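Data block below; observations after.
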Amino acid sequence: MDQQDVFERHRLRRKLRWWRLLTILAVIIGIVSLTISNDNSLITGDHIARVEIIGVIQDDDELIARLDAIGDDSNAKALIVTISSPGGTTYGGERIYKAIKGVSDKKPVVADVRTMAASAGYMIAAASHHIVAGEASIVGSIGVIFQYPQVSKLLDKIGVSMEEIKSAPLKAEPSPFHPASEEAVAMINNMVVDSYDWFIDIVAENRKLSRQDTLKLSDGSIFTGRQAAKNGLVDSLGGMAEIRTYLSEKNIKKELKIVDWPAPDISSPNFLSLALPNIVQRYLGVEQYSLGELLGEKKLFLDGLLSFWQISD
């Protein structure tokens, strides 16, 4: 290869780097534009804010920030939290519960229960001043669960063993590789009971129920909306008309528009694949992933204790 060929190759490489940089900048500008187009700060005028909490509840910084913004926005005169959730992580529910409570300290908050508000889903509903549910909605399942797999018998059958050296007997217990000791079971049970007591206190305090009455409703049972209205877990049955009626009693004008405060809409499963040219995908090392996968959409495990209602495998 002569000197001219070397020079030409270097020139082409420099040109390619510039094109890569320009392409990446264009993508960044596009993403920023999408974010701005979904920026809730553009919402103006007096209104009733609404957020949706759908599906499995996990720790969600974006949702927490959105709820905090609604609490601080003087134009948002009230908040409707639309819930359709079987529950999720206890910690995720705790954070969202506290964020909604923060809003309720400043303005009226109504929980609009659709298909279900079970376990951690009911926990976040309890943070509101008023809960409206459908007659056939599923409500309740107040409780906490800790589950772990046990594969020791399977490993014995195929002749595989898991050896371990650990600093103390309760380290990394319970283990899927051997039956739990009595001490390990007692440790986990104490943790579950403590979280359960905390959950019961939340329900009793927010629903103005005695602890004894709350305990009767907190054996993991689920209820229809009709049953929940009778036992005190729900305030009224219906939908938007009943929500409007309650808010009007709190001096929120019925003519106020309900405005959704959605999360930034960058959740398209193939967002990165569509937004990034192949060369930039390779440059960034993300060509094999969808945005949903990058954001944990296919995450198989939830961290921590669970407050769930009957999620099948």
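The values are calculated or read from the model by the stated rules, or taken from the named source; none is laboratory data. This is a predicted model, so every value here is computed, not measured. Virtual Cβ from ideal backbone geometry, glycine too; neighbours counted across all protein chains shown.
A few notes on this one:
- Against the test of being closer than 18 Å to residue 144 by Cβ and of a type in the set (D, E, K, R), the options 235, 213, 201, 260 yield a single qualifying residue, 201.
- For the range 51-100, the tally of residues that are closer than 24 Å to residue 224 by Cα and aromatic (Phe, Trp, Tyr) stands at 1.
- Residue count for the range 139-179, restricted to those that are under 30 Å from residue 207 (Cα atoms) and in contact with a helix residue (DSSP H, G or I) (Cβ under 8 Å, 6 or more places away or on another chain): 8
- Residue 172 of a type in the set (A, V, I, L, M), without any contact (Cβ under 8 Å) to a residue 60 or more places away in the chain and surrounded by 13 or more Cβ atoms within 10 Å (Cβ to Cβ): no
- From the options 104, 84, residue that is under 15 Å from the mean Cα position of the chain (by Cα), among the hydroxyl-bearing types (Ser, Thr, Tyr) and under 29 Å from residue 256 (Cα atoms): 84
- Some residue of the range 275-287 being assigned to a helix (DSSP H, G or I), farther than 24 Å from residue 56 by Cα, at pLDDT 65 or above and not basic (Lys, Arg): no
Matching residues to (1) assigned by TED's automatic domain parsing to the domain that holds residue 109; (2) under 22 Å from residue 112 (Cβ atoms); (3) charged (D, E, K, R); (4) part of a helix (DSSP H, G or I):
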{"position": "190", "(1), (2), (3), (4)": "yes, no, no, yes"}
{"position": "196", "(1), (2), (3), (4)": "yes, no, no, yes"}
{"position": "203", "(1), (2), (3), (4)": "yes, yes, no, yes"}
{"position": "223", "(1), (2), (3), (4)": "yes, yes, no, no"}
{"position": "233", "(1), (2), (3), (4)": "yes, yes, no, no"}
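- Residues located in the range 99-123, provided they are under 15 Å from residue 71 (Cβ atoms) and of a type in the set (A, V, I, L, M): 99, 100, 103, 109, 110
- Selection from the range 89-113 of residues that are at pLDDT 95 or above, touching a strand residue (DSSP E or B) at 6+ places or on another chain (Cβ under 8 Å) and not in a helix (DSSP H, G or I): 107, 108, 109, 110, 111, 112, 113
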